[in-house]
1. Could you look through the stretch 4-38, keep only residues that are loosely packed, with under 14 Cβ neighbours inside 10 Å and closer than 16 Å to Gln96 by Cβ, and pick out the one that is modelled with the lowest pLDDT?
2. Which members of the stretch 35-49 meet the condition of being under 10 Å from the mean Cα position of the chain (by Cα) and outside any helix (DSSP H, G or I)?
3. Is there a residue being surrounded by fewer than 16 Cβ atoms within 10 Å (Cβ to Cβ) and small (Gly, Ala, Ser) anywhere in the stretch 58-68?
4. Filter the stretch 69-95 down to the residues that are under 30 Å from Cys34 (Cβ atoms) and surrounded by 12 or more Cβ atoms within 10 Å (Cβ to Cβ) and list them by number.
5. Run down Phe99, Phe86, Phe61 and say which single residue is hydrophobic (A, V, I, L, M, F, W, C) and in contact with a Pro (Cβ under 9 Å, 6 or more places away or on another chain).
6. Please identify the pairs in which a residue from the stretch 50-67 that is under 10 Å from Val78 (Cα atoms) has its Cβ atom under 8 Å from the Cβ atom of a residue that is part of a helix (DSSP H, G or I) and of a type in the set (Phe, Trp, Tyr), counting only partners at least 6 apart or on another chain.
Amino acid sequence: MLKDCPHCNQSMEGKFLQWRKFAKQDHWKACPICGKGLEFRMYPEEIAVRVLSVALVIYGFYWAKERGGGWVPMLATVIAVVVAGFLLVNLRLKNQQRFRKG
């Protein structure tokens, strides 16, 4: 995921972003380089993979308790599916911008 400032086009990778609470912009952030407002962008794919991974973990525990067969196959399957989901979303959003102008 690209973490460049949309205002100054400089990389903010590893830079600390400060909240502007004194300017009454709680949901906005500021670029540490140019100081202009940024908005954190959350993509629908990220939200979906997080919600589905939580649902999968809950269903996995229910499945292991009701059907038996041990916890190891359930844990291995859930871990594999969750990791694959996060990797696919990470690869899909590799060239997308994390911040937008605020």
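The values are calculated or read from the model by the stated rules, or taken from the named source; none is laboratory data. Worth saying up front: this structure is predicted, and the values here are computed from it rather than measured. When we count neighbours, we look across all protein chains shown, and the Cβ atoms used for this are built from the backbone with ideal geometry, even at glycine.
1. Glu13
2. Within the stretch 35-49, Arg41, Met42, Tyr43 qualify.
3. yes
4. Val89, Asn90, Arg92, Leu93
5. That would be Phe99, the only listed residue that is hydrophobic (A, V, I, L, M, F, W, C) and in contact with a Pro (Cβ under 9 Å, 6 or more places away or on another chain).
6. Filtered contacts from the stretch 50-67: Ser53/Phe86.
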